[in-house]
Amino acid sequence: MPIIHENSRWNHPPALRPAGLFVTDLDGTLLRSDRTFAAADLEALRRLGECGVVRVLATGRSLFSFEKVRTPGLPLDYLVFSTGAGLAELPSGRIVRAQSLDPAEVCRAWDVLRALALDFMVQRPIPDTHAFGFHRSGRPNPDFDRRIALYERFAFPLDGATAGFGPATQLVAIVPPEGSPETLPEVRRLLPELTVIRSTSPLDHRSTWIEIFPATVSKSRTTAWLADRLGIPLARTASVGNDYNDLDLLDWSETRFVTANAPPDLRERYPVVASHDKGGVCQAANLWLQKLRIEP
């Protein structure tokens with residue numbers, strides 16, 4: 001069973017019901033190719049705040065990784081991080097909710113990934129998700145090696161036994177571009193009791209990351225939990241994303257957009273706004289405000 005911790009001191013009931021909830025992904029959506037934020041996108045987020053809209057950033061990054069790109073005064077109210085395993089207030093960073101795989105679930109996922117001869121990491125529970133153990137299959141995997149190098153201070157080899165690891169936020173298997181396309185559906189088939197999410201590597205933009213979480217974790221489930229506690233109806237929600245790990249969030253929200261840099265199949269499925277380098281979040285926010293006729 002998943003392990004769920006909620007902050008009982010979180011004062012979530014707002015004095016006035018928010019006008020709506022707007023969610024944006026980070027990498028490839030709000031964050032540009034040069035790892036900066038567009039002035040137009042930031043101004044649009046400020047305007048949303050002036051209109052009484054709750055502004056949420058939903059990312060696969062851990063808290064540690066988010067802090068690497070965070071800038072002072074970023075106009076956001078909440079952070080859904082680690083693909084929904086965690087929820088934090090902004091700007092304080094106070095954790096509102098955290099979920100993790102229990103040791104039995106870690107063992108089960110571990111055994112499946114080893115049997116499939118995959119390279120994978122097992123990440124510590126929140127707030128230490130940036131620390132992880134890793135297992136190598138022995139085959140070349142540059143993207144896997146690069147991630148270990150980026151977190152060299154926090155990465156350690158796994159000795160093959162799961163008994164001492166304990167709970168984990170997630171497991172991440174990294175499949176090289178030349179890897180079998182059957183790997184993802186096979187992992188999902190073997191772990192039907194867990195959430196298995198596909199994302200494109202933010203490092204080489206070609207490898208596939210297969211992320212395994214408790215069944216209760218996803219961007220949409222955590223955002224829906226937040227919206228419910230803030231009294232925001234689904235009809236007044238919007239999201240914008242760019243990759244496969246945004247699918248459940250896009251399908252959950254009433255209004256949804258993908259940026260022009262999203263994969264072709266996502267651009268065929270959802271309304272398209274400008275790319276992350278050309279103010280796509282700003283365009284999505286403005287279109288949504290016009291649709292709902294929300295004004296400051």
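Data overview
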{"quantity": "Matching option when the condition is more than 20 Å from the chain's Cα centre (by Cα), over 28 Å from Val69 (Cα atoms) and of a type outside the set (D, E, K, R), among Ala104, Ala109", "calculated": "Ala104"}
{"quantity": "Pairs, first more than 15 Å from Val54 (Cα to Cα) in region 14-41, second among the aromatic types (Phe, Trp, Tyr), C-beta under 8 Å, six or more apart", "calculated": "Leu26/Phe66; Leu30/Phe37; Leu31/Phe37"}
{"quantity": "Only listed residue being assigned to a helix (DSSP H, G or I) and either touching a helix residue (DSSP H, G or I) at 6+ places or on another chain (Cβ under 7 Å) or of a type in the set (Ser, Thr, Tyr) (or both), chosen from Thr222, Thr216", "calculated": "Thr222"}
{"quantity": "Candidates Asp265, Asp246, Asp251 - the one that is charged (D, E, K, R), within 20 Å of Phe37 (Cβ to Cβ), part of a helix (DSSP H, G or I) and modelled with pLDDT of 95 or more", "calculated": "Asp246"}
{"quantity": "Filter pass, Val54 being in contact with a helix residue (DSSP H, G or I) (Cβ under 8 Å, 6 or more places away or on another chain) and either open to solvent by less than 10 Å² (accessible area, probe 1.4 Å) or part of a helix (DSSP H, G or I) (or both)", "calculated": "no"}
{"quantity": "Residues satisfying the stated conditions in region 263-283, i.e. open to solvent by less than 40 Å² (accessible area, probe 1.4 Å) and free of Cβ contacts under 8 Å to residues at least 60 places away in the same chain", "calculated": "Leu266, Tyr270, Val273, Ala274, Ser275"}
{"quantity": "Odd one out for Arg198 among (1) open to solvent by less than 40 Å² (accessible area, probe 1.4 Å); (2) under 18 Å from Asp243 (Cβ atoms)", "calculated": "(1)"}
{"quantity": "Tally, over region 212-247, of residues that are more than 11 Å from the chain's Cα centre (by Cα), small (Gly, Ala, Ser) and within 21 Å of Pro185 (Cα to Cα)", "calculated": "1"}
{"quantity": "Considering residues of region 225-262 that are aromatic (Phe, Trp, Tyr) and in contact with a helix residue (DSSP H, G or I) (Cβ under 6 Å, 6 or more places away or on another chain) only, the residue least open to solvent (accessible area, probe 1.4 Å)", "calculated": "Phe257"}
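The values are calculated or read from the model by the stated rules, or taken from the named source; none is laboratory data. No experiment lies behind these values; they were computed from the predicted model shown. Here the Cβ is made from the backbone with ideal geometry for all residues, glycine too, and neighbour counts use every protein chain on show. Note: areas computed on protein heavy atoms with side chains; ligands, DNA, RNA excluded. Shrake-Rupley method; radii C 1.70, N 1.55, O 1.52, S 1.80 Å.
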